[in-house]
Amino acid sequence: MILHSLETIKPIIERWLQVPQGKVLPVISSAATENASFANMITDVIELQTLGQGTRDLFWHEYTHIMMYRHLQNFLGPAGSLLHLPWMPAWFIEGLAESLSLSIGSEQQASIERYHALSGEWPSYARLHSLYGTGGYFLPGYATSGAFVHWILRQGKNEDVLFYLLKDFYHYTWPWFYPLGSMPMNMVLKKHIGKEGEELYVDYKKQAEEYWHNNHSGVFFSVKPGERIKASIGRLYQQEGRIFYYKGKDGYLQKREIFFHKQTGWAI
């Protein structure tokens, strides 16, 4: 299943990133371990820890990483990526993989964005730079990063914007550019999108809020994956950390509480 799913996505990612896979790519998979799966840039190997529960999108997520690293290899081979990758913010690394694979699930990404937009409780830009480690931030952090990167790529001046972002990022991360004093990702975003990362995050949040306030359907996902609960949503109102909506009916307002699950964005 793993190999068939990677063979299926291979031509799509090669075209999307405009880089060939090249040699045969080893894949190591364990259904008995529960550590994080990752794309090993040093050995150029995908390492999957699935506990027997791996999904196609997990494989695609890691494959996107390993193919993106191809843009960062230099005369040192795959390990040469270590010279360039530390300059790439975590939200772009994971957001790029999520923008294609949606390994956390498209319905969860949409519901988390909707929660942030309707509640106004967005993660800070600084928080998006720290997605790794413990603390339960994996799900909302990856979802927000994926939606943000997807939005960024749609702001590009041409359809090949991702290729040029990666090409110039590699260029700006050589040591002779260090004296410029600007972060390489901000330099390439400014060049190809028109603004630096933090400015773009402000614009993304504004557009997301406008969209969800104008287009929320009142269909929410419950804490049971895949189950939907319908509700006609009027004006959202927050009181003492609890969120309510008011719906006009027969000349008066009805009040009902919405329970948000902050880690998943699901709401009832």
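Report the residue count in region 175-202 for those that are in a helix (DSSP H, G or I) and surrounded by 17 or more Cβ atoms within 10 Å (Cβ to Cβ).
10
What's the number of the condition VAL24 fails, among (1) closer than 23 Å to ASN74 by Cβ; (2) touching a strand residue (DSSP E or B) at 6+ places or on another chain (Cβ under 8 Å); (3) at pLDDT 90 or above?
(2)
Mind checking which residues of region 4-26 are surrounded by fewer than 11 Cβ atoms within 10 Å (Cβ to Cβ) and among the hydrophobic types (A, V, I, L, M, F, W, C)?
VAL24
Among (1) closer than 26 Å to VAL19 by Cα; (2) open to solvent by 20 Å² or more (accessible area, probe 1.4 Å); (3) over 13 Å from the mean Cα position of the chain (by Cα), where does LEU162 come up short?
Here LEU162 clears every test but (2).
Every residue in region 27-43 that is open to solvent by 70 Å² or more (accessible area, probe 1.4 Å) and either assigned to a loop (DSSP other than H, G, I, E, B) or of a type in the set (Asp, Glu) (or both), please.
Correct list: ALA32, GLU34, ASN35, ALA36, ILE42, THR43.
Do any residues in region 107-134 that are under 22 Å from HIS213 (Cβ atoms) have Cβ atoms under 7 Å from those of residues that are at pLDDT 80 or above and acidic (Asp, Glu), where the two are at least six apart or on different chains, and which pairs are they?
Once the first residue is under 22 Å from HIS213 (Cβ atoms) and sits in region 107-134, its partners that are at pLDDT 80 or above and acidic (Asp, Glu) give ALA117/GLU209; TYR125/GLU198.
The values are calculated or read from the model by the stated rules, or taken from the named source; none is laboratory data. The model shown is predicted, which means the values in this text are computed figures rather than measured ones. FYI the Cβ positions are ideal-geometry reconstructions off the backbone, even for glycines, and counts take in every protein chain you see. Just so you know, the surface numbers come from the protein's heavy atoms only, side chains and all, with ligands and any DNA or RNA stripped out. Shrake-Rupley method; radii C 1.70, N 1.55, O 1.52, S 1.80 Å.
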